[in-house]
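For reference, the structure is listed below as structure tokens.
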């Protein structure tokens, strides 16, 4: 532990605490590390371990390439300019998750939402099982009563205005409702079968929800800032491309 504490200090981060994980009966511990505000690339274990290996000269800088195969298109309709005009996206293909890497993937989204994305006001991340939906996709903004779908982990369909009322009482999601609630149109992403992928920046649809068994991940980032949208998307891709 002292050796790791010194490594953190030399690297420029701070080891705050080491706590036992109750579920492991004391066999495993959790390291709490203070990460600098501008180091979004080390907010997950994948990024931190990679950075430390490079710092110790035990690893090389990774090189990433984009494949031009199986390009997916998303049509952006003019109405989106009224509320949330930007969307970018990419696919992680042939990915293999285990329980730990899948949880890390989900947690990184939450961490990015809280800081770089400014509580989803600037950018909102949606992740989907690509094999459950059919491209090309459509990014639109429609009146709330024109949007109806079953949101993540819910049993019944709701109109978008009903959905926002529902999530205004949700302990986790209520903070995001006000971002779009007063608008006369809400942003929404559909696939070519008219299946709703997401109602950003609030909630994804249940139809395309991911699991640890997902093999192809479609990531979409809706935003009001193109630069930050690209930064967020690139972080998600580069942290988890190692599992592809």
Problem - region 86-96, residues that are in contact with a strand residue (DSSP E or B) (Cβ under 9 Å, 6 or more places away or on another chain) and farther than 16 Å from residue 233 by Cα - result: 95
Exercise for the section: Please find, within region 50-76, the residue that is farthest from residue 87 (Cα to Cα) out of those that are surrounded by 11 or more Cβ atoms within 10 Å (Cβ to Cβ) and in contact with a helix residue (DSSP H, G or I) (Cβ under 9 Å, 6 or more places away or on another chain). Expected result: 56
Exercise for the section: Keeping to region 10-49, report how many residues are surrounded by fewer than 10 Cβ atoms within 10 Å (Cβ to Cβ) and either assigned by TED's automatic domain parsing to the domain that holds residue 111 or within 26 Å of the chain's Cα centre (by Cα) (or both). Expected result: 2
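For region 56-107, enumerate the residues that are in a loop (DSSP other than H, G, I, E, B), in contact (Cβ under 8 Å) with a residue 60 or more places away in the chain and over 30 Å from residue 183 (Cα atoms).
The answer is 62, 64, 93, 94, 95, 96, 97, 98.
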Practice task
Filter region 137-147 for residues that are surrounded by 14 or more Cβ atoms within 10 Å (Cβ to Cβ) and touching a strand residue (DSSP E or B) at 6+ places or on another chain (Cβ under 7 Å) and give the result.
Solution key: 137, 138, 139, 140, 141, 142, 144, 147
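Does residue 170 meet the test of being farther than 12 Å from residue 199 by Cα, surrounded by 13 or more Cβ atoms within 10 Å (Cβ to Cβ) and in the same structural domain as residue 122 (by TED's automatic domain parsing)? Before you say what the answer is, go through the steps one by one.
Numbers: farther than 12 Å from residue 199 by Cα: yes; surrounded by 13 or more Cβ atoms within 10 Å (Cβ to Cβ): yes; in the same structural domain as residue 122 (by TED's automatic domain parsing): yes.
Yes; evaluated as a whole, the condition is true for this residue.
The values are calculated or read from the model by the stated rules, or taken from the named source; none is laboratory data. Not measured: the values here are computed from a predicted model. FYI the Cβ positions are ideal-geometry reconstructions off the backbone, even for glycines, and counts take in every protein chain you see.
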